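Visitor: Take a look at this one; I'll ask things after.
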Amino acid sequence: MFQRSTTATAPVWALTVGVVALIVAALAALALLGGRSLPDRAGPPIEELAVERTVLTPGVVELTVRNTGPDPVQVAQVFVNDVYVDFTGATEPIGRLGSDTLRLVYPWQNGQPYLVSMLTSTGLVIEHQIPAAVPTPQVGPGFYGSMTLLGTYVGIIPILLGMLFLPVLRRTGPGAVRVLLAVTVGLLGFLAVDGAVEGIALSERSGAVFGGASLVVLGAALAYLLLTGVDRWLQRRRQDDRAETPRSGPRLALMIAVGIGLHNLGEGLAIGSAYAVGELALGTALVVGFALHNTTEGIAVVAPLAGSSRRRASLPLLAGLGLVAGGPAIVGALLGASVDNAELSAFLLGIGVGAIAQVIVQLAPALRRRPGERLTPATLGGIAAGVVVMYATGLLVAA
């Protein structure tokens, strides 16, 4: 008589625990013994420092630095425009991925450029450029109030204005609705590309210590998978959404609002960060430019409501969609101005990219009258028009 093998009778969880324990033990042995069996690295230490944040107050320059290299870094001396300055902080070597704050005593002048040179204990010089020195805004009630108003002006109000087009959109036929949804796809596609480019540019400021551009990809992947899972869960709960029903329009409008909201979170971060370092002038040009740019996002939010049902959308629903799409701009402005972290900004911009990509996937089937049918020239023109509109209004923001 043959006996059953132990593997066949063991529970799956027990086998999993055993395999994981074996792998952990092997990796631990490799970490302890493998390194000792290899020769030491030849050559001088590799020292790298990235300046994550610069805070300027009267007579003082504070630099938050992070070690982005493999070896510890000891800052020995600091020069500003080739002039030696006293500093405090970083009394011990900064280990890999560690950070510290250098407080430089220097009578800087408003609007002047400065070159900060950090001399390490091994003689390496690491430089940081301050293009134009301006006082860092002090965090307080007035500061938070200004950032909240800024987020409201560039986020909530423009989107609500764009949503006023809903009565006009409801009077259009099915073909016009498909073209309008195509315009929405073009708008969202431009936002996704713009967010990815901006996120990659921000990630380069961090010295790529936490992955650089990979942070944008990671954020996009997580957001896409999360929203896909949420959508599948909603579809299982609402089987009648397979056909176009009154519920399908609000659900799709909510998905678009979430995608645009996550994009505006990253956009608010960029605005707040630029304001904190004096690269952004708050004024009429900025507000009007963003208002025109983001009004098109409001049209995109209500586009699915135009063809889903002839019932009038309730005011609470429209107000909620506007807050979901525009409200994150307030949170982003507050975070960007008070934290000013390039890695966080890049990651959140990546989340916005992934969310918008998932929404485009949701909208794609509605661009065709029947599954498998080719896109009509009018639909393709609508996509192109959406891209052109976002590009043109984006030029006003730069003004």
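The values are calculated or read from the model by the stated rules, or taken from the named source; none is laboratory data. Please read these numbers as outputs of a predicted model, since none were measured by experiment. All Cβ positions, glycine included, derive from the backbone under ideal geometry; neighbour counts span all protein chains shown. For accessibility, only protein heavy atoms count, side chains too; no ligands or nucleic acids. Shrake-Rupley method; radii C 1.70, N 1.55, O 1.52, S 1.80 Å.
Visitor: Considering only residues that are modelled with pLDDT under 70 and open to solvent by less than 70 Å² (accessible area, probe 1.4 Å), which ones fall in the range 1-33?
Guide: SER5, ALA10
Visitor: Also, I was wondering about something else. Do we find a residue being on the phi > 0 side of the Ramachandran plot and surrounded by fewer than 16 Cβ atoms within 10 Å (Cβ to Cβ) anywhere in the range 347-366?
Guide: no
Visitor: Please pick out the residue among VAL125, VAL193, VAL134 that is open to solvent by 20 Å² or more (accessible area, probe 1.4 Å) and at pLDDT below 85.
Guide: VAL134
Visitor: While we're here: Select, from GLY372, GLY350, the only residue that is outside any helix (DSSP H, G or I) and over 18 Å from LEU252 (Cβ atoms).
Guide: Going through GLY372, GLY350 in turn, just one is outside any helix (DSSP H, G or I) and over 18 Å from LEU252 (Cβ atoms): GLY372.
Visitor: ALA176 is checked against (1) under 20 Å from VAL324 (Cβ atoms); (2) among the hydrophobic types (A, V, I, L, M, F, W, C); (3) modelled with pLDDT under 85; (4) open to solvent by less than 60 Å² (accessible area, probe 1.4 Å) and fails just one. What number does that condition carry?
Guide: Going through the list (1) under 20 Å from VAL324 (Cβ atoms); (2) among the hydrophobic types (A, V, I, L, M, F, W, C); (3) modelled with pLDDT under 85; (4) open to solvent by less than 60 Å² (accessible area, probe 1.4 Å), ALA176 breaks only (1).
Visitor: Quick check: anything in the range 141-160 among the polar types (S, T, N, Q), on the phi < 0 side of the Ramachandran plot and either open to solvent by 60 Å² or more (accessible area, probe 1.4 Å) or modelled with pLDDT of 90 or more (or both)?
Guide: no
Visitor: Do we find a residue being assigned to a loop (DSSP other than H, G, I, E, B), of a type in the set (D, E, K, R) and at pLDDT below 85 anywhere in the range 286-300?
Guide: For the range 286-300, residues assigned to a loop (DSSP other than H, G, I, E, B), of a type in the set (D, E, K, R) and at pLDDT below 85: absent.
Visitor: Just to be sure before I move on: is ARG236 at pLDDT 70 or above and open to solvent by 60 Å² or more (accessible area, probe 1.4 Å) in the structure I sent?
Guide: Taking the combined requirement at face value, the residue satisfies it.
Visitor: Can you tell me which residues in the range 375-399 are part of a helix (DSSP H, G or I), more than 28 Å from the chain's Cα centre (by Cα) and either of a type in the set (A, V, I, L, M, F, W, C) or surrounded by 15 or more Cβ atoms within 10 Å (Cβ to Cβ) (or both)?
Guide: ALA378, THR379, LEU380, GLY381 - these are the residues of the range 375-399 that are part of a helix (DSSP H, G or I), more than 28 Å from the chain's Cα centre (by Cα) and either of a type in the set (A, V, I, L, M, F, W, C) or surrounded by 15 or more Cβ atoms within 10 Å (Cβ to Cβ) (or both).
Visitor: For the range 90-100, give me the residue count where each residue is open to solvent by 30 Å² or more (accessible area, probe 1.4 Å) and modelled with pLDDT under 90.
Guide: Number of matching residues: 4.
Visitor: Considering only residues that are of a type in the set (Gly, Ala, Ser) and either on the phi < 0 side of the Ramachandran plot or open to solvent by less than 10 Å² (accessible area, probe 1.4 Å) (or both), which ones fall in the range 54-74?
Guide: GLY69
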